[in-house]
Amino acid sequence: MKLASLKYGRDGQLVVVSRDLQRMQPVTSIATTMQAALDSWSDAYPALSNAYRELNENQAKGLPFKTSDCAAPLPRAYQWADGSAYVNHVELVRKARGAELPDSFWHDPLLYQGGSDQFIGPNDNIEVISEDWGIDFEAEITVIADDVPMGVTAEHASDFIRLFMLVNDVSLRNLIPGELAKGFGFFQSKPSSAFSPVAVTPDELGNAWDGKKLHLPLIAELNGNRIGAPNAGVDMTFDFPTLIAHAAKSRPLGAGTIIGSGTISNRDRSNGSCCLAEVRMLETINQGEAKTPFMKFGDRIKIEMLNANQESIFGAIDQTVSQYTPA
């Protein structure tokens, strides 16, 4: 099943979207918003699935689906926790500045709690006040969980995954060092994240989803040039059930909690990268200095995942960087 939220009020209007992403059907009689559907998933799921089936079998005519009309599937969420599951990526960051990677990083997941009150849609501009802040994209996969009990084990955590999305976890790289030096984590360096037009249930992923990892390339293109297409199922040190169990170690997670994978990264460098920071790290390691600039106003970033038939699964995150002028 594929679900989206049209731009309407603060929390959007829920629609089911056809498998080919061409048509949609409002389902407000079942659940007005994505969060409402997640809050009563056991009741809403059968009715939503039936509406999805009718749309795909042309029993319901539906309306044209335009990603430009979409907010993030969850325009705001009760919780957004982003991981760094590809430790290869973290190792590169530290190597570029001559620092050793602590052994614990390979055994204990990294996870931070991000801002979730103002997500932006898949075609919304990335508004930033200054290019000097080091504007970067980060192409990732996320899952949306149902209510998760405290202390859940990784063995059972996958039972609580309800939906998948893509995310552009925008980072302001030049603001990060000062924040991390304080020892209190990200804040100003992490502006609003953008999510894919649709969220999909696990069955839409077919054999690419093995219950722990999603084995498909994630494509990132900047100004029409491919930066990378690393496989999300390769070199993922901590899988999604492990990340969920880590997040729920000391507290329950509420329905609608979003858990991110962190930037997709492969040891096979021929697959490219899913953020400019990694491109710059590799340049520093191999050439002695970073040559690729961070994003500028007017740059366009596109993030998409295709299935085995080269069909878009989630629709594309397709955004332009623009200068924000404070009121």
Exercise for the section: Roll a 1.4 Å probe over the protein heavy atoms and report the accessible area of Glu221 in Å², nearest 10. Expected result: 50
Practice task
Grab the Cα-Cα distance for Thr325 and Arg251, subtract it from 0.36 nm times how many residues apart they are, and report the gain in nm with one decimal.
Solution key: 22.7 nm
Handout entry: Structure-based [θ]222 nm, the chain - -39500 (n - 2.57) summed over DSSP H runs of at least 4, per residue, nearest 500
Key = -5500 deg cm²/dmol
Handout entry: Portion, in percent, of the accessible area of the chain that falls on carbon or sulfur, probe 1.4 Å
Key = 48
Handout entry: Full-stretch length increase - Thr28, Ile285 - with 0.36 nm per residue and alpha-carbon distance subtracted
Key = 87.2 nm
Fill in the blank from the handout: For the stretch 139-235 the mean separation of alpha carbon contacts under 8 Å (6+ apart) over residue count, i.e. relative contact order in percent, is 23
Problem - Accessible area per residue in Å² at 1.4 Å probe, computed on the stretch 7-95 - result: 48
Handout entry: Segment Ala99-Ile129, extension gain: residue separation times 0.36 nm, minus the distance between their alpha carbons
Key = 7.7 nm
Exercise for the section: Would you mind checking the stretch 49-82 for residues with the amide N under 18 Å from a putative spin-label position 7 Å along Cα→C-beta of Asp43? Expected result: 49-51
Practice task
Any chance you could look up the accessible area of Asp136 with a 1.4 Å probe, heavy atoms only, rounded to 10 Å²?
Solution key: 0
Exercise for the section: Give the angle, between 0 and 90 degrees and rounded to the nearest 10, that separates the Cα long axis of helix 87-96 from the longest principal axis of the Cα atoms of the chain. Expected result: 30
Completion exercise
Between the Cα axis of helix 41-56 and the main Cα principal axis of the chain, the angle (0 to 90°, nearest 10) is 80
Completion exercise
Percent relative contact order for the stretch 200-327, counting Cα pairs under 8 Å at least six residues apart, stands at 25
Practice task
Pairs of Cα atoms under 8 Å, at least six residues apart: use those to get the relative contact order of the chain, whole percent.
Solution key: 23
Exercise for the section: With a/c under 1.5 counting as rounded, go ahead and sort the stretch 181-327 into rounded, prolate or oblate using the C-alpha gyration tensor (a ≥ b ≥ c being the square roots of the eigenvalues; past the cut-off, prolate if a/b is larger than b/c, else oblate). Expected result: rounded
Exercise for the section: Could you please put Glu127, Glu155, Glu54 in sequence from largest to smallest accessible area, using a 1.4 Å probe? Expected result: Glu155, Glu127, Glu54
Completion exercise
Rounded to the nearest 5, the percent of antiparallel DSSP beta bridges in the chain equals 85
Exercise for the section: Sort His246, His89 by accessible area with a 1.4 Å probe, largest first. Expected result: His246, His89
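The values are calculated or read from the model by the stated rules, or taken from the named source; none is laboratory data. Nothing here was measured: the structure is a model prediction, and the numbers come from that model. Reconstructed Cβ throughout: ideal geometry from the backbone, glycine too, with neighbour counts over all protein chains shown. These accessible areas exclude ligands, DNA and RNA; they are computed on the full protein's heavy atoms, side chains included. Shrake-Rupley method; radii C 1.70, N 1.55, O 1.52, S 1.80 Å.
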